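The values are calculated or read from the model by the stated rules, or taken from the named source; none is laboratory data. Because the structure is a prediction, the values reported are computed rather than measured. Neighbour counts are summed over all protein chains in view; Cβ atoms, including those assigned to glycine, are modelled from backbone coordinates with ideal geometry. Heavy atoms of the whole protein, side chains included, go into the accessibility calculation; ligands, DNA and RNA do not. Shrake-Rupley method; radii C 1.70, N 1.55, O 1.52, S 1.80 Å.
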Amino acid sequence: MTAPSTGPSSDLPEGGPAVSARPVPPVPRVAAPPWPDRVVPSWTDPVVTQASEAVGGPWGRHAVTGRALFWTPLRVCLLFTVAVLALAWAKQAPCADGNWTGSKQYTHLCYNDAVPLFGIHGLDEGAVPYLDSAVEYPVLTGGLMQLAAVIARGWDDLVAGLGPLPEATPVLSFYVVTCLLLSALALLVTRGVLGLAGRRPWDAAMVALSPLLLVHAFTNWDLLAVALTTLGMWAWARRHPVLAGVLVGLGVAAKLYPVIVLGVLFVLCLRAGQLRPWLSTTVAAGLAWLAVNLPIAVLAPENWARFFTFSDVRPANPESIWAIALHSFPEFLDGPLAEGEAPSVLNATVAVLLLLCAAGVAWLALAAPLRPRLPQLAFLLVAAFLLLNKVWSPQYSLWLLPLAVLARPRWRSLLLWQATEALVWATTLLYYLGADNRGIGVEWFYLSVVVRDVVVVALMALVVREVWQPDADLVRRSWPGTDDPAGGVLDGAPDRWVLPRRLTLRRSAPHRGPLPSPS
């Protein structure tokens with residue numbers, strides 16, 4: 001008699017140590033431990049498998065999961081996030097007090113927008129964004145700046161009244177409070193990704209341990225929009241369309257890019273015949289955006305419109321493909337611009353290209369053999385927006401982080417992409433430092449941008465391949481019956497409307513809904 005195997009088998013999730021076919025001596029009958037209720041990353045990802053050798057190797061086939069009283073995947077991932085944020089703070093510490101003599105912000109790679117804007121927008125003197133100062137950010141981002149300024153002034157007043165407390169300059173207090181608020185938002189991003197990952201909770205570690213989070217957590221206030229968008233997608237996954245709309249609408253009030261999620265949801269809901277939840281989400285998003293913006297638009301219309309006018313006249317950002325093209329061909333598109341002149345040809349070109357990309361993604365959503373997962377299409381469209389837009393500030397790449405992890409949770413490709421983002425940040429600051437001041441020339445800077453863009457395009461191509469060949473989608477084939485853990489009402493729903501196709505993939509992909517029939 002041989003002991004019953006408790007290792008992986010063909011009808012269980014892929015991965016796990018191989019089970020030897022060699023006969024074993026008789027053993028007492030004992031209850032076999034239950035199969036893990038989640039994907040074990042050290043069984044499925046080669047990078048994690050290799051890294052696990054430092055702590056004893058991959059998870060054993062007789063090990064038991066789901067019994068930890070405290071160190072659950074959520075708490076471990078949150079701890080990872082705290083550790084990375086601590087390193088990010090240490091990296092930023094030389095620039096925290098605002099003493100940037102000797103171009104310290106470039107030589108120490110610690111530049112951030114909070115310190116200079118504290119004085120530029122009068123926050124050091126109690127000015128209120130939009131009401132007293134024109135801020136070039138959407139309203140909710142200005143609200144976060146004001147919240148940090150109020151808390152920092154409260155701390156400074158408390159320190160002034162109580163001698164034993166440590167004193168700090170106003171700008172340092174503001175920056176510390178800003179970083180604490182951004183840290184809380186980063187923890188929410190990790191929590192949201194774990195909630196969207198389904199049977200793959202450890203995918204949240206790809207966000208928690210992200211080099212991109214280390215580099216850009218405190219560069220700007222982008223984590224506000226990223227957190228709201230991620231939580232909105234989580235609410236959608238939990239089938240709360242109105243709450244999802246409120247959160248996404250607030251995200252649009254912080255940065256415009258979350259509106260892309262509403263567009264992606266539209267084409268997916270159209271294919272599934274689930275337009276009513278999408279309509280509830282969109283209406284809630286519009287009302288939430290309006291509730292935040294309308295008071296400021298009424299009280300200070302010119303300052304409220306500053307974000308839109310600034311976006312219109314803003315030239316190509318140095319990190320964009322358009323800046324590279326204009327550097328090589330100065331007469332390209334608008335050619336040289338006068339001070340304050342809007343690049344109208346560039347704006348129109350970008351708008352047309354973005355509409356074409358949106359149409360392509362919509363076609364992919366409606367013609368793919370299986371309905372694509374929400375994070376896959378959202379990643380493709382946000383990545384296309386960044387690649388083709390005239391502005392790609394380095395910290396904007398945080399927008400892609402949770403979407404990339406959910407769209408294609410593979411450590412190797414994600415780490416490679418984020419390494420190029422860190423390279424762009426380092427070369428950006430060295431380029432601003434200047435070649436005459438031990439920095440680098442524009443050619444090396446543009447080379448790093450091109451490398452980053454090529455890697456992002458390659459990542460997009462891999463996602464498109466997995467959309468068109470669902471058997472290659474790691475999420476779908478990682479657990480029996482998995483369709484779209486982030487899909488909400490779309491998860492497992494049958495298709496109602498698809499584009500006609502001449503060829504239909506006849507693959508046995510794990511899907512709870514019926515495959516669309518050829519038209």
Original post:
Setting aside same-chain residues fewer than 8 positions from LYS390, which lysines have a Cα under 27 Å from its Cα?
Top reply: LYS255
**OP:** Just the isolated ones, please: cysteines in the chain lacking another cysteine beta carbon under 4.7 angstrom.
**Re:** CYS77, CYS179, CYS269, CYS357
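Listed highest first by mean packing, meaning other Cβ atoms within 10 Å per residue, what order do 46-59, 249-262, 319-332, 405-418 come in?
Most protected by this proxy first, the peptides run 249-262, 405-418, 319-332, 46-59.
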Original post:
So how much slack lies between ALA325 and GLN50, counting 0.36 nm per residue of separation and subtracting their Cα-Cα distance, in nm?
Top reply: 94.8 nm
**OP:** For every helix of n ≥ 4 consecutive DSSP H residues, a contribution of -39,500 (n - 2.57) applies; sum these over the chain, divide by its total residues, and give [θ] at 222 nm rounded to the nearest 500 deg cm²/dmol.
**Re:** -18000 deg cm²/dmol
**OP:** Return the distance in nm (one decimal) between the two label points of a simple spin-label model at ASP436 and VAL457, each offset 7 Å from Cα along Cα→Cβ.
**Re:** 3.5
Original post:
Tell me, what is the FRET efficiency for VAL259 and TRP363 to the nearest 0.05, using R0 = 25 angstrom and their Cβ-Cβ distance as r?
Top reply: 0.80
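Return one whole number: the accessible area per residue of the chain in Å², for a 1.4 Å probe.
On the way: 23590 Å² over 519 residues.
Value for the chain: 45 Å² per residue.
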**OP:** Rounded to the nearest 0.05, what FRET efficiency do ALA291 and LEU353 give with R0 = 35 Å and r taken as the Cβ-Cβ distance? Could you check?
**Re:** 0.60
**OP:** Determine which lysines satisfy two conditions relative to LYS91: a Cα distance under 20 Å, and not lying fewer than 8 residues away in the same chain.
**Re:** LYS104
Original post:
Summing +1 for each Lys or Arg and -1 for each Asp or Glu, what net charge is found among the other residues whose Cβ lies under 13 Å from the Cβ of VAL189?
Top reply: -1
Subject >> Contour excess over end-to-end distance, with Cα ends at THR107 and TRP497 and 0.36 nm allotted per residue >> reply: 134.8 nm
**OP:** Could you work out how far the C-alpha centroid of the stretch 270-285 sits from that of the stretch 309-358, in angstrom?
**Re:** 34
Subject >> Kirkwood-based shape ratio for the stretch 182-223, expressed as Rg/Rh from alpha carbons >> reply: 0.99
Subject >> Projected area, mean over directions - the stretch 288-409, Cα convex hull, nm² >> reply: 10.1
Subject >> Gyration tensor verdict on the stretch 213-305 (Cα atoms; rounded if a/c is under 1.5, prolate if a/b is larger than b/c, oblate otherwise) >> reply: oblate
Original post:
Radius of gyration and Dmax for the stretch 45-193's Cα atoms, expressed in Å?
Top reply: 20.5, 64
**OP:** Can you give me the span-like helices of the chain, meaning DSSP H runs with 30 Å or more of Cα extent along the axis and Kyte-Doolittle mean at or above -0.5?
**Re:** 139-161, 170-196, 275-299, 344-367, 411-433, 442-468
Original post:
Which value, in Å to one decimal place, does the Kirkwood hydrodynamic radius take for the chain when every pair of different Cα atoms is included?
Top reply: 25.0
